[in-house]
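The block underneath contains the structure these notes are about, expressed in structure tokens.
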Amino acid sequence: MSSRSTGNSYPATRPEDAARASGNLLEVRNLSKSYGPVQVISDVSFDVPRRSVVTLVGENGAGKSTIFNILSGLTGPDRGTVRLDGKAFAPASHRAAVAHGITRVFQEQSLVQNVPVYENLLLGEEARFSRFGQWVDRDAMIRAARRIIEEARLDVDVRRRTGDYDFSTRQSIEIARACLTPALLRGIKEPLVLLDEPTSALDRRDEEGFFDLVRKIRQYGSLLFVSHRLTEVLDISDVIYVLKDGEMVTRVTPEKTDEHQLHGFMVGRERATDYYYENRQQTALPTTPALRAEGVRVLADGPEINLEIRPGEIVGIGGLLDSGKSRLGKAIAGVIRPIGGQVAIGTGPLRRPEIGRATREGLGYIPAERLAEGIIPSFPTAWNFSTGSGGDLFSNRFGFWRGRKERRAVRAHIGALAIRSATPDLAMSRLSGGNQQKVVLARWLERKPDVLILDNPTRGVDAGAKQEIYRVLRDLTDQGVAIILITDELLELIGLSNRILILQHGGVVAEVPAPAEDKPSEQTLVGLMLSDPGQAPSHPQPAARDKIPAPAAPETHLEAAE
Amino acid sequence: MTTTPHPQGRTFLSPLTSLFSRVETSLWFPIGVVLALFVFFSLMTDSFATLRNFSAVSGQAATLLIVCLGATFIVLMGSIDLSVGAIVLLVGAVSVTVLNALNIGWLVIPFAALVGAGLGLVNGLIYTKGKIPSFIVTLGTLSVFSGIALTLLDGRAIQFNAPGLENISIGQWIPRLPNIALWAILAWVVLVFIGQRTRFGRYMYLIGGGEQVARTAGVPVARYKLYAFALSGLLAGFGAILAVARLGAAGPSLGSDLLLNSLAAIVVGGTSLAGGVGGVHRTLIGVLIIAILDNGLNLMGVSQFLQMIIKGLVVIAAVLVSRKSGADQVIK
């Protein structure tokens with residue numbers, strides 16, 4: 001669409017581009033910003049060359065989102081300058097930034113669930129499609145939206161309700177909107193797309209589409225990218241900037257670095273090779289299982305799942321987003337009612353699971369969607385912490401709340417888990433994702449559980465906090481806690497689990513042992529996740545991320561939200 | 001990354017954990033409104049700042065306060081109870097009928113409270129078992145309860161026949177303070193304690209702030225919703241019998257102004273209809289604002305119709321001013 005999209009080589013070499021391409025699309029110089037006494041970023045400078053992918057990496061709280069907020073007009077810097085296309089750029093609002101060709105995909109989804117996809121794609125652009133002032137030309141909108149969807153190669157019907165699509169597809173829609181509306185609708189020749197952790201919610205198929213899209217955009221525009229997934233960062237970036245505690249640590253190119261070194265830059269310490277503490281992996285004892293699930297069904301047409309986990313064991317559950325693995329976790333914990341099946345905790349009887357009773361019997365459940373199900377952001381840390389124990393630990397039998405005990409307990413956990421900047425009274429929204437997750441973890445640690453079910457416990461969590469969470473999980477297994485780990489992060493799945501169950505369409509298609517000395521490879525697991533359940537995945541699967549075969553018929557997956 | 005630290009902060013939820021040691025800063029504004037109204041009416045009319053008038057105001061405000069206490073918990077947990085006025089009417093009608101038929105004397109007080117709790121429980125059961133929005137449920141029962149009550153009363157006011165019973169409301173164990181106001185203050189203290197220092201209170205905040213979060217953490221959400229509706233009904237029943245004792249009869253207009261006044265008082269006090277923010281302690285201030293406004297405007301001789309206009313504007317203005325400026329929240 002863009003006038004310069006014909007060239008597909010990078011870096012640009014054609015003569016007519018040379019003049020402009022010599023400069024940078026975006027130049028950031030000496031940017032500083034503080035909120036009250038807290039210096040969030042100080043003296044940050046970086047460049048985004050034309051037609052390139054630039055990545056900012058850093059731990060949570062390193063200042064990446066603040067930089068994005070400044071660039072997208074949500075806030076202004078205290079000091080420093082931004083130049084876009086050679087001109088000073090200081091957007092007064094998000095709208096102004098968008099008008100200059102800077103679009104952004106936020107970490108949290110911002111699509112309206114109840115309207116058709118095309119309305120979401122063209123949100124804020126309705127004026128373009130109105131005739132006689134008010135009359136909106138729906139057909140033209142649908143045509144324009146279809147072009148965006150086709151350009152992004154998504155399998156989406158733009159007239160369907162947005163909420164009908166699963167989380168991953170919605171994320172793809174949002175990415176397509178940010179990436180393609182500037183060029184396709186507003187005629188911006190060199191858009192700059194800001195992507196804040198865009199892939200953390202994508203399943204593998206959509207991830208592949210995303211990387212295609214990135215390549216496409218890079219032929220005419222630039223992308224500024226924030227991600228915790230370093231392998232992917234190394235794959236797609238032209239330049240990587242490392243931020244630490246609000247300061248720019250270094251600028252590297254992917255050819256000259258590796259994941260290991262980047263981790264070192266980010267946390268300021270060489271990352272131990274035993275990131276997942278594999279040497280501490282327990283061997284499960286042949287004792288009575290800590291949890292037994294029989295005949296659990298999570299999808300209406302799905303098979304029954306039987307599951308036993310023993311004290312000290314971590315059972316990993318992997319699968320695509322529509323595999324039903326999150327539902328399985330919720331069903332076993334009793335957060336949702338399974339379609340069928342029973343669960344026994346410890347020596348208890350087999351019963352239909354119910355979360356309230358399960359927690360009393362020694363189970364803890366950490367949901368994947370932290371902001372919707374894990375924490376109440378506006379409430380104090382202490383309140384969020386004590387939520388799981390209101391019925392016993394923190395109230396007496398007359399129903400009186402034991403506030404002093406609550407505060408003492410939360411302080412102890414803040415210390416033990418190194419939950420930075422948390423106090424009992426501080427609203428959870430003020431904590432970083434990693435620290436919020438530690439509070440959720442503390443909620444269950446306080447109960448000294450026998451079984452923990454974790455759904456993507458490190459989603460949106462920085463490298464340092466991740467490793468601390470892994471350490472806590474190993475401590476728990478040392479004490480004989482049984483853990484069910486549901487995760488989309490393959491390395492985490494492999495590194496932490498004793499054995500791994502691969503789910504497809506609500507059923508277990510494979511069980512892979514993963515002893516510390518003989519871990520399965522990523523390729524094996526990806527192969528199992530994508531394999532046709534009918535046949536064994538015998539043919540060698542192509543290597544990890546970037547060459548995953550698209551399934552023959554991409555089915556529309558409707559993971560009903562409960 | 002961290003969520004963007006909001007410059008405006010979230011002081012409105014500065015922890016309510018310790019009740020008397022800290023007063024929320026956001027409370028100063030509504031308290032200021034009460035004082036301003038007080039000064040204004042004192043200057044405008046001679047009869048406002050008199051002991052006799054205070055007795056009258058406290059008597060009028062007491063029923064409203066008692067009824068609002070339970071309803072505040074409902075609003076706090078993100079639901080709504082439109083039926084409190086109807087419960088007052090029905091409990092009043094039933095109590096008078098029973099009192100005249102059985103001559104149970106003082107026992108009518110716990111009887112009324114229990115009938116109220118039962119009606120609240122009906123609301124709660126339909127709400128939690130039927131999974132119908134509380135607005136619809138209580139809108140329906142509002143009509144049902146009123147209809148039953150008016151059938152019982154046959155559209156007329158019925159006097160009760162129990163000598164001395166009126167003393168529980170209009171007697172003055174503390175000089176110049178009608179007993180009904182004393183009851184209201186006692187109920188307020190107890191309910192503030194329940195709100196701030198008990199499991200029930202905490203769960204109300206949790207359910208209002210994040211029902212899904214509470215449920216995922218194992219909080220028995222449905223059971224506590226039932227409790228809340230039963231409590232709301234119980235207090236409405238208690239308020240009803242006190243109002244009946246004060247008036248000496250139950251008539252068709254009993255509780256008719258409670259629907260709007262209770263919601264107005266709760267919201268003006270600072271409990272958000274979105275749930276999770278506010279509390280019973282604040283509702284006292286809302287009730288005072290509504291009651292003083294009513295009384296003061298009456299004394300000034302303002303017409304009923306103009307009073308309605310003023311009251312409506314005050315409700316909107318109070319919420320407008322106390323709302324956090326710049327907070328980009330979804331308003332429904």
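The values are calculated or read from the model by the stated rules, or taken from the named source; none is laboratory data. Please read these numbers as outputs of a predicted model, since none were measured by experiment. Cβ sites come from the backbone with ideal geometry, for glycine too, and all protein chains shown count toward neighbours.
I'm checking my understanding of the structure. Among residues of segment A:395-406 that are within 18 Å of A:LEU445 (Cα to Cα) and buried (at least 20 other Cβ atoms within 10 Å of the Cβ), which one is nearest to the other protein chains (Cβ to nearest Cβ)?
Applying the filter and picking the extreme gives A:SER395.
Rundown of residues vs (1) crowded, with 24+ Cβ neighbours inside 10 Å; (2) modelled with pLDDT of 95 or more; (3) within 14 Å of chain A (Cβ to nearest Cβ), yes/no style:
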| residue | (1), (2), (3) |
| --- | --- |
| B:ILE207 | yes, yes, yes |
| B:GLU211 | no, no, yes |
| B:TYR227 | no, yes, yes |
| B:SER232 | yes, yes, no |
| B:LEU235 | yes, yes, no |
| B:GLY239 | yes, yes, no |
| B:ARG246 | no, no, no |
| B:GLY251 | no, no, no |
| B:LEU254 | yes, no, no |
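Given the structure, is A:GLY73 surrounded by 14 or more Cβ atoms within 10 Å (Cβ to Cβ) and over 19 Å from A:LEU185 (Cα atoms)? Please lay out each step first, then the result.
Details: surrounded by 14 or more Cβ atoms within 10 Å (Cβ to Cβ): yes; over 19 Å from A:LEU185 (Cα atoms): yes.
The answer is yes for A:GLY73.
For segment A:469-494, what are the residues that are part of a strand (DSSP E or B) and farther than 17 Å from A:GLY362 by Cβ? Can you show your working first?
Our first condition is that a residue be part of a strand (DSSP E or B); within segment A:469-494, this holds for A:482-486.
Listed by number, the residues that qualify are A:LEU485, A:ILE486.
Just to be sure, is A:ASP425 more than 8 Å from chain B (Cβ to nearest Cβ) and part of a loop (DSSP other than H, G, I, E, B)? Even if it seems obvious, please write down each step before you answer.
Details: more than 8 Å from chain B (Cβ to nearest Cβ): no; part of a loop (DSSP other than H, G, I, E, B): yes.
So A:ASP425 does not fit the description; no.
Say whether the condition of being outside the structural domain of A:ALA284 (by TED's automatic domain parsing), more than 18 Å from A:GLY334 (Cα to Cα) and surrounded by 24 or more Cβ atoms within 10 Å (Cβ to Cβ) is met by at least one residue in segment A:453-475.
no
Of the residues in segment B:26-63, how many are under 20 Å from B:VAL189 (Cα atoms), among the hydroxyl-bearing types (Ser, Thr, Tyr) and without any contact (Cβ under 8 Å) to a residue 24 or more places away in the chain?
0
From the residues in segment A:421-447 that are in contact (Cβ under 8 Å) with a residue 40 or more places away in the chain and of a type in the set (Lys, Arg), which one is surrounded by the fewest Cβ atoms within 10 Å (Cβ to Cβ)?
Only one residue fits best here, namely A:ARG447.
Considering only residues that are modelled with pLDDT of 90 or more and part of a loop (DSSP other than H, G, I, E, B), which ones fall in segment A:33-50?
Once the filter is applied, which keeps residues that are modelled with pLDDT of 90 or more and part of a loop (DSSP other than H, G, I, E, B), segment A:33-50 yields only A:ARG50.
Being of a type in the set (Gly, Ala, Ser), modelled with pLDDT under 90 and under 29 Å from A:ALA422 (Cβ atoms) narrows it down to one of A:GLY23, A:GLY76, A:GLY86, so name that one. Lay out the reasoning, then the answer.
Numbers: A:GLY23 fails: under 29 Å from A:ALA422 (Cβ atoms); A:GLY86 fails: under 29 Å from A:ALA422 (Cβ atoms).
Being of a type in the set (Gly, Ala, Ser), modelled with pLDDT under 90 and under 29 Å from A:ALA422 (Cβ atoms) holds for just one of A:GLY23, A:GLY76, A:GLY86, which is A:GLY76.
Can you tell me which of (1) at pLDDT 90 or above; (2) closer than 28 Å to A:ALA293 by Cβ is the one A:GLN436 doesn't meet?
Of (1) at pLDDT 90 or above; (2) closer than 28 Å to A:ALA293 by Cβ, only one is false for A:GLN436: (2).
Within segment A:306-316, work out how many residues are in contact with a Lys or Arg (Cβ under 7 Å, 6 or more places away or on another chain) and of a type in the set (Val, Ile, Thr).
Residues flagged as in contact with a Lys or Arg (Cβ under 7 Å, 6 or more places away or on another chain) and of a type in the set (Val, Ile, Thr) within segment A:306-316 amount to 1.
Yes or no: A:LEU154 in a loop (DSSP other than H, G, I, E, B) and within 21 Å of A:VAL226 (Cα to Cα)?
no
Which of (1) in contact with a strand residue (DSSP E or B) (Cβ under 6 Å, 6 or more places away or on another chain); (2) outside any helix (DSSP H, G or I) is the odd one out, the single condition A:LYS189 does not satisfy?
So A:LYS189 meets the others, but not (1).
Against the definition (of a type in the set (Gly, Ala, Ser), touching a Gly at 6+ places or on another chain (Cβ under 7 Å) and part of a loop (DSSP other than H, G, I, E, B)), how does B:GLY255 come out, yes or no?
Details: of a type in the set (Gly, Ala, Ser): yes; touching a Gly at 6+ places or on another chain (Cβ under 7 Å): yes; part of a loop (DSSP other than H, G, I, E, B): yes.
Yes, satisfied.
So which pairs qualify, if the first residue must be in segment A:61-74 and assigned to a loop (DSSP other than H, G, I, E, B), the second must be among the polar types (S, T, N, Q), the Cβ gap must be under 7 Å, and the two must be at least 6 apart or on different chains?
Pairs found: A:GLY61/A:SER432; A:GLY61/B:THR2; A:GLY73/A:SER93.
Can you work out which of the residues in segment B:166-208 that are of a type in the set (Lys, Arg) and touching a residue at least 40 places away in the same chain (Cβ under 8 Å) is nearest to A:ASN384 (Cα to Cα)?
Residues of segment B:166-208 of a type in the set (Lys, Arg): B:176, B:197, B:199, B:202.
Subset that is touching a residue at least 40 places away in the same chain (Cβ under 8 Å): B:176, B:197.
Working: B:ARG176: 46, B:ARG197: 16 Å.
Top of the filtered list is B:ARG197.
Can you name every residue in segment A:357-385 that is within 8 Å of another protein chain (Cβ to nearest Cβ), crowded, with 16+ Cβ neighbours inside 10 Å, part of a helix (DSSP H, G or I) and of a type in the set (A, V, I, L, M, F, W, C)?
A:ALA358, A:ALA382, A:TRP383 - these are the residues of segment A:357-385 that are within 8 Å of another protein chain (Cβ to nearest Cβ), crowded, with 16+ Cβ neighbours inside 10 Å, part of a helix (DSSP H, G or I) and of a type in the set (A, V, I, L, M, F, W, C).
Among the residues of segment A:417-453, which ones are among the charged types (D, E, K, R) and either touching a His at 6+ places or on another chain (Cβ under 9 Å) or under 10 Å from A:ILE375 (Cβ atoms) (or both)? It would help to see each step written out before you state the result.
First, the residues of segment A:417-453 that are among the charged types (D, E, K, R): A:420, A:425, A:430, A:438, A:443, A:446-448, A:450.
Result: A:ARG430, A:LYS438, A:ARG443, A:GLU446.
Test B:ILE285 against the criterion of being modelled with pLDDT of 95 or more and more than 23 Å from B:GLY116 (Cα to Cα), and give yes or no.
On the way: modelled with pLDDT of 95 or more: no; more than 23 Å from B:GLY116 (Cα to Cα): yes.
It is false that B:ILE285 is modelled with pLDDT of 95 or more and more than 23 Å from B:GLY116 (Cα to Cα).
Do you know which residues across segment B:150-202 are surrounded by fewer than 18 Cβ atoms within 10 Å (Cβ to Cβ), of a type in the set (A, V, I, L, M) and within 14 Å of another protein chain (Cβ to nearest Cβ)?
The answer is B:VAL190, and nothing else.
Based on what the data block shows, is A:GLY390 crowded, with 22+ Cβ neighbours inside 10 Å, modelled with pLDDT under 90 and facing another protein chain (nearest Cβ under 9 Å)?
Numbers: crowded, with 22+ Cβ neighbours inside 10 Å: yes; modelled with pLDDT under 90: yes; facing another protein chain (nearest Cβ under 9 Å): yes.
In short, yes.
Determine whether A:GLU354 is surrounded by fewer than 24 Cβ atoms within 10 Å (Cβ to Cβ), under 21 Å from A:ILE484 (Cα atoms), at the interface with chain B (Cβ under 8 Å from one of its Cβ atoms) and at pLDDT 90 or above. Steps first, answer last, please.
Details: surrounded by fewer than 24 Cβ atoms within 10 Å (Cβ to Cβ): yes; under 21 Å from A:ILE484 (Cα atoms): yes; at the interface with chain B (Cβ under 8 Å from one of its Cβ atoms): no; at pLDDT 90 or above: yes.
So A:GLU354 does not fit the description; no.
Among (1) under 20 Å from the mean Cα position of the chain (by Cα); (2) closer than 28 Å to A:ILE175 by Cβ, where does A:LEU192 come up short?
Status for A:LEU192: all satisfied but (1).
Listed here are the residues, each with its yes/no results for (1) crowded, with 16+ Cβ neighbours inside 10 Å; (2) charged (D, E, K, R).
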{"position": "A:GLU119", "(1), (2)": "yes, yes"}
{"position": "A:ALA127", "(1), (2)": "no, no"}
{"position": "A:MET141", "(1), (2)": "yes, no"}
{"position": "A:VAL158", "(1), (2)": "yes, no"}
{"position": "A:GLU174", "(1), (2)": "yes, yes"}
